[in-house]
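Working notes for the structure below.
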Amino acid sequence: MARTPRHRRLVLPLLCLLFQGATALLFAVFVRYNHETDAALWHWGNHSTVDNEFYFRYPSFQDVHAMVFVGFGFLMVFLQRYGFSSVGFTFLVATFTLQWATLVQGFLHSFHGGHIHVGLESLINADFCAGAVLISFGAVLGKTGPAQLLLMALLETVLFSVNEFILLSLLGVRDAGGSMTIHTFGAYFGLFLSRVLYRSQLEKSRQRQSSVYHSDLFAMIGTIFLWIFWPSFNSAPTALGDGQHRTALNTYYSLTASTLSTFALSALVSGDGRLDMVHIQNAALAGGVVVGTSSEMMLTPFGAVAAGFLAGTVSTLGYKFFTPVLESRFKVQDTCGVHNLHGMPGVLGALLGVVVAWLATHEVYGDGLQSVFPLIAQGQRSATSQAVYQLFGMFVTLALASVGGSLGGLLLKLPFLDSPPDSQCFEDQIYWEVPGEQEAEAQRPLRAEEQDTEA
Amino acid sequence: MARTPRHRRLVLPLLCLLFQGATALLFAVFVRYNHETDAALWHWGNHSTVDNEFYFRYPSFQDVHAMVFVGFGFLMVFLQRYGFSSVGFTFLVATFTLQWATLVQGFLHSFHGGHIHVGLESLINADFCAGAVLISFGAVLGKTGPAQLLLMALLETVLFSVNEFILLSLLGVRDAGGSMTIHTFGAYFGLFLSRVLYRSQLEKSRQRQSSVYHSDLFAMIGTIFLWIFWPSFNSAPTALGDGQHRTALNTYYSLTASTLSTFALSALVSGDGRLDMVHIQNAALAGGVVVGTSSEMMLTPFGAVAAGFLAGTVSTLGYKFFTPVLESRFKVQDTCGVHNLHGMPGVLGALLGVVVAWLATHEVYGDGLQSVFPLIAQGQRSATSQAVYQLFGMFVTLALASVGGSLGGLLLKLPFLDSPPDSQCFEDQIYWEVPGEQEAEAQRPLRAEEQDTEA
Amino acid sequence: MARTPRHRRLVLPLLCLLFQGATALLFAVFVRYNHETDAALWHWGNHSTVDNEFYFRYPSFQDVHAMVFVGFGFLMVFLQRYGFSSVGFTFLVATFTLQWATLVQGFLHSFHGGHIHVGLESLINADFCAGAVLISFGAVLGKTGPAQLLLMALLETVLFSVNEFILLSLLGVRDAGGSMTIHTFGAYFGLFLSRVLYRSQLEKSRQRQSSVYHSDLFAMIGTIFLWIFWPSFNSAPTALGDGQHRTALNTYYSLTASTLSTFALSALVSGDGRLDMVHIQNAALAGGVVVGTSSEMMLTPFGAVAAGFLAGTVSTLGYKFFTPVLESRFKVQDTCGVHNLHGMPGVLGALLGVVVAWLATHEVYGDGLQSVFPLIAQGQRSATSQAVYQLFGMFVTLALASVGGSLGGLLLKLPFLDSPPDSQCFEDQIYWEVPGEQEAEAQRPLRAEEQDTEA
């Protein structure tokens, strides 16, 4: 158990090189361009643009990509001395996940003729998986080193993809924006993992587990980018046409409502009516989570507003009242409060999906039923049956996430993974060369004579 | 007039809940998906992508959305102790405006069969309205509480929408990028409102009414995002095809010129040739404002450059020489200088639209005249007549903005709205739990032995 | 040589006004809308959307635009006292370049009938040129004033456009993402320029040539935006359809690999296993540079990963071991390490393009060969011949960049250009009114009684 700098020097680079070497090898053997990215299989002259989904999905993809890296990365910068790690490890872990998810999801979804065939859809799905991994990262932020996080991503990517495959492909569950597959899964995976890694002596690092003025402003960069791009996140994989259009619209309205309820509740539950930045940074986004399943459905604009309002309320109350209980009673230390932003709103979103699916009729959806609920349209299922499947999907997700997160916690306890000591949690210096803030000399205003003389 | 923390604790949440409840109710009764977002009314299989405007407008919409929340939000973060409020209240006020504008604009523009029919166009128009409200916010930044700002948004959204309806629908005025409807309206609404709320004792908070090094860098995030996405802002509602293309191009060139003239003038008017961040952050953007009306027209690339140059010059000179006069002589305290960035360039943009409309001929526009000036193309108006209508539209805007802003000022004087005292303006702590910058202990570098021992 | 504030007061504004006046005049005489932006030449009703490339390229264009201004601007903010200049001069120099490049590239590429015809393609190409100029800026960051930088942009834009014209139009070289034309050219132009401007007494400013905690976080904004939008950068000018799709995909995978290798190498080469922010901010991006030439080709996903891995490795090692040698031995002071991020990966990217072109066959590309290698498809060249041309293009680029950069260095030595003195490098105060960080008074927490009394 004696960790020395020499040891630390080797674990992270060796893991990176090992993982990169392995994925590169698998890329060489298995990964090929799909028919839309291969020059020989596709040629522009033979097709009309209309057939090329790439152009209808690329703007959404770029927004999703921005959410994962800018949004999650900066949202977690709120800690006073963990900015380098928050944005840096987000970068590292998400990046590895993109490669690894391409492979795992490829084997499950687009493996034929001995090869995985990749295109824009692969990139979007990999980004979604990275989103789930970063949600889990939020639960253990500050208490895990980069080598641990890489192992977490390795395991979580597999389980995420398996869960997604079970829900979407085997059970015929609808979950375009991932209330279940991304948010519920990512949150409970992270929470169970954090439970296993419970630190009774975390008090020793408590003075660093808070924000400073500027770190909160940096975190707001993350919040705002997540907020503005969430309509693209939920609509990226939905059916072209009215499906994407409706999904974006529902998500937009749900987010406006969760923001308003967050401001209301934040002021209401504080002792003196002041707003709490933690609520604004996080709970305001719960509206995007809660319509992840149902925003492609005929939720109605009012339904979107009501769902967002509920999610913002539950999320803010969670930060205020439930997070402390989670730690004291359930021994789950949830640094970013992912239970409030992703866990509870994710489960609510799954249940909302159950209700909206249950209400689906041929009359309301018309010919569009085929896009949203193909099994109902084809007469293979009733709406009630679809609702039951949706509910079952949620329980599958919770089961896989909790088992997976617990296993992950055991895995991350491997002694060579260089976990930070209790007194050095939430601290960049243990993993980064940190410059400090010593700009005192430089701040001294130049005197006029000095400038002239110099010149 | 005795405001206590208990009282403050209730005003904002009650307003949020009241407003959200009311809009939710109206959403339930009136708002429905339009034919492009409803699954039954639209089904992909029956239409070609080409017919779905959604895909041609969505990327621009996302840029507009980013401008409103990232751009305006961070542009106003420049004050040293008002970052939470700048970005937070932007978030709150813009969010409420999006819901409320959907309703008000929906009643005016897309109300038929007893329902408001919403789609992407509704979202873009709501974002435009939020832009105007945030411009007004810039004038009173630091001197108004969140409850006041919500009431301002309530009133301004109605007047904005009425003004827009009069100009675009009744008068047949062209104003795609909103030199009049957004910038002129938002600026003078805010300035008249600020006039009514004039504080003779604002000197008491003067020490906080300036930037610090990092807050200026945060503000540059806002500037740069506004700058890069402005071509999308002006082109979002224009005719598809050459119209959007030309609008984006004109806006791009106009912004390059306003940036160059701002740098030139900023150095020229300073005492010692040094540049002023206030000018760069703001006046450089005046090129986007000044072509708001005319960028969809055949302005010519040279016309765009000339207009941008003029706007940057006027705006910079405004910050240097006119803002102090505005306060001392006209008793208008304009925190962000919206008169310089939106007011004067907006009026200039309206006048430029008058001139360019007056020059419109069938020869120059060809068949495209139908898209840009349908009333001229249909023979219902001469170019001169269109120019007169454009000019009239500007005066209508100024009249509605000044009357509306004055009314708004009276409304915001309602005593229960919890306005900050003169000595606590530009201060986050009155509305937010603020963490301070006490990271001294954490900054201490770890000693080598400490690390080893810990581990 | 006596520079006084009065003198300084005039050089920058006069240059700005002179340059803007000249480009405005040239715009008036030469620049016209092209057939896709002119209302009379193009009218929507007569065309189908499918024919309008604007809609397929606009989202990529906006990403490129964001990379140039947000990405490069903030990436260079890492210096503790040079944030205003980094983001401000990026803004100034890039803006001027956009106008000037429109003219220079227009004369070379779209001049007919006595006019330059501009459209979206002009904007994309101008942004690319601005990218190259900003790379050069990175080499001399902190050691040059804004007037010098404007002159650099004036010269470099001409040489960039000439080099690009020679490669793409005369030699038939393929270089969509600009490994040669943008990165290699920009880097070596800047490095030779920095060589000529070598300061033996730069030690006097060394205390400012480092980051502080917050400046490194601001720089990460630049890194992340460059990273997420690079797929659009490389694909913006490629053939529609599979070409853009494949280019985006290759770039995405290459960047994931360069990020992983950067993390691995950064920890490996440090004394104690800690990560270095300089590496993460920069070397992680080398994967975008290295596939600039080959990402539109049939590089294969594995090829992209391998190339990215190599680039991240070379770049990180460059920062660690070669940058000091470059200064001590070759007297090249490279502030941002552009040799590591753009120079070496750019040359590697050119060589990779040689190899991948050499491997091109009709079998692999099918009908798509016409888009990627039209001269091979038309039988005018063999693949080997194309490879030789690619290699020749790299040497032409290196030759033009080194001669041009050296000339640029001599030009920038003109005494009236107000270069900062050796002891005032990396310092904003010499060019900007800087507010300092004196927010001490404001930070004092309000006492409860104070708040109540005030109210």
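The values are calculated or read from the model by the stated rules, or taken from the named source; none is laboratory data. Note that the structure is a prediction, hence the values are computed from the model and not measured. With ideal geometry, Cβ positions are generated from the backbone for all residues, glycine too; neighbour counts draw on all protein chains shown. Quick note on the areas: whole protein, heavy atoms, side chains included, nothing else; ligands and nucleic acids left out. Shrake-Rupley method; radii C 1.70, N 1.55, O 1.52, S 1.80 Å.
In angstroms, what radius of gyration and Dmax does the protein assembly as shown have, counting Cα atoms only?
Just the Cα atoms of the protein assembly as shown yield Rg and Dmax of 29.1, 88 Å.
Taking every residue in C:423-430, how many Cβ atoms of other protein chains lie within 10 Å of its Cβ, on average?
Averaged over the peptide's residues, the number is 4.
Tell me the distances, shortest first, between A:Gln207 and the same position across the other copies, using label points 7 Å along Cα→Cβ, in nm to one decimal.
Output for A:Gln207: 2.8, 2.8 nm, nearest copy listed first.
Compute for chains A and C the buried accessible surface, both sides summed, probe 1.4 Å, and express it in Å² to the nearest 100.
Looking at A and C, the buried total is near 7600 Å².
Can you pull the Rg over Rh of chain A, Cα-only, Kirkwood?
1.01
Any chance you could check the Cα centroid distance between the range A:401-424 and the range A:295-313 for me, in angstrom?
So the separation of the two Cα centres works out to 37 Å.
Can you give the mean number of other chain Cβ atoms that lie within 10 Å of the Cβ atoms in peptide A:364-377? Walk me through the intermediate numbers first.
Working: counts 3, 4, 6, 8, 9, 3, 4, 4, 1, 1, 0, 0, 0, 0.
Counting other chains' Cβ atoms within 10 Å and averaging over A:364-377 gives 3.
Between beta-carbons, use under 10 Å as the cut-off and find the net charge around C:Asn340, counting Lys and Arg +1, Asp and Glu -1.
Numbers: positive: C:Lys320; negative: C:Asp334.
Combined, the nearby Lys, Arg, Asp and Glu give 0.
Could you work out the local net charge near B:Glu427, counting Lys and Arg as +1, Asp and Glu as -1, over the other residues with Cβ closer than 10 Å to its Cβ?
Result for the local shell: +1.
Put simply, what bits of the range B:305-347 lose 50 Å² or more of accessible area when the other protein chains are there, versus the chain on its own (1.4 Å probe)?
The answer is B:Val305.
Give the long-range amide H neighbours of A:Val31: residues separated by 5 or more places, or on another chain, with amide H under 5 Å away, using H modelled in the peptide plane at 1.01 Å from N.
The list, which skips near neighbours in sequence, is A:Ile116.
Have a look at the range C:79-102 and report residues whose accessible surface goes down by 40 Å² or more when the remaining protein chains are included, against the chain on its own, probe 1.4 Å, ligands and DNA/RNA excluded.
With the partner chains in place, the range C:79-102 has these residues losing at least 40 Å²: C:Gln80, C:Arg81, C:Phe84, C:Val87, C:Phe91, C:Leu92, C:Thr95, C:Gln99.
May I ask which residue of chain A has the beta-carbon nearest to the axis carrying chain A onto chain C, and at what distance in whole Å?
Smallest Cβ distance to the axis, with its residue: A:Pro59, 3.
B:Leu414 label points, 7 Å along Cα→Cβ, one per copy: pairwise distances from this copy to the rest in nm, shortest first?
6.2, 6.2
Using a label position 7 Å from Cα in the Cα→Cβ direction, what is the ascending list of nm distances from B:Val325 to the same site in the other copies?
6.3, 6.3
When DSSP beta bridges are limited to those with both residues in the protein assembly as shown, what percentage is antiparallel, rounded to the nearest 5? Before the final figure, lay out the partial values.
Values: 9 of 21 bridges.
Of all bridge pairs located within the protein assembly as shown, approximately 45 percent are antiparallel.
Which trypsin sites (Lys or Arg not before Pro) from the range B:302-342 combine a DSSP loop assignment with at most 10 other Cβ atoms within 10 Å?
Values: sites: B:Lys320, B:Arg329, B:Lys331; in loops: B:Arg329, B:Lys331.
Counting only loop positions with at most 10 other Cβ atoms within 10 Å, the trypsin sites (Lys or Arg not before Pro) in the range B:302-342 are B:Arg329.
With every protein chain kept in place and ligands, DNA and RNA left out, what is the accessible area per residue of the range A:316-432? Probe 1.4 Å, answer in Å². Provide the component values of the computation, followed by the final result.
Numbers: 4650 Å² over 117 residues.
Accessible surface, normalised per residue, equals 40 Å².
Can you send over the carbon and sulfur percentage of the accessible area for chain B, probe radius 1.4 Å, protein chains only?
Its accessible area is 65 percent carbon and sulfur atoms.
Using protein chains only (no ligands, no nucleic acids) and a 1.4 Å probe, work out which residues of the range A:198-229 have their accessible area cut by at least 50 Å² relative to the chain alone.
Those are A:Val212, A:Tyr213, A:His214, A:Leu217, A:Phe218, A:Ile221, A:Ile224, A:Phe225, A:Trp227, A:Ile228, which lose 50 Å² or more relative to the chain on its own.
What 222 nm value per residue comes from the helices of chain C, counting each DSSP H run with n ≥ 4 as -39,500 (n - 2.57) and dividing by all residues, nearest 500 deg cm²/dmol?
It lands at -19500 deg cm²/dmol.
If we count every other residue with Cβ under 11 angstrom of C:Asn163's Cβ, Lys/Arg +1 and Asp/Glu -1, where does the sum land?
Net charge around C:Asn163: -3.
Quick one: accessible area per residue over the range A:92-242, 1.4 Å probe, rounded to a whole number of Å²?
Using a 1.4 Å probe on heavy atoms only, each residue of the range A:92-242 averages 20 Å².
Which helices, taking whole DSSP H runs in chain B, have alpha carbons extending 30 angstrom or more along the helix axis plus mean Kyte-Doolittle at least 1.0?
B:5-30, B:83-109, B:120-140, B:383-412
Which FRET efficiency value, to the nearest 0.05, is calculated for A:His112 and A:Val388 with the Förster distance at 30 angstrom and r the Cβ-Cβ distance?
With R0 = 30 Å, the Cβ-Cβ based efficiency is 0.40.
How crowded by other chains is C:70-76, given as the mean number of beta carbons from other chains within 10 Å of each beta carbon? Working shown, then result.
Details: counts 6, 1, 0, 4, 4, 0, 0.
Counting Cβ atoms of other protein chains within 10 Å of each residue's Cβ and averaging gives 2.
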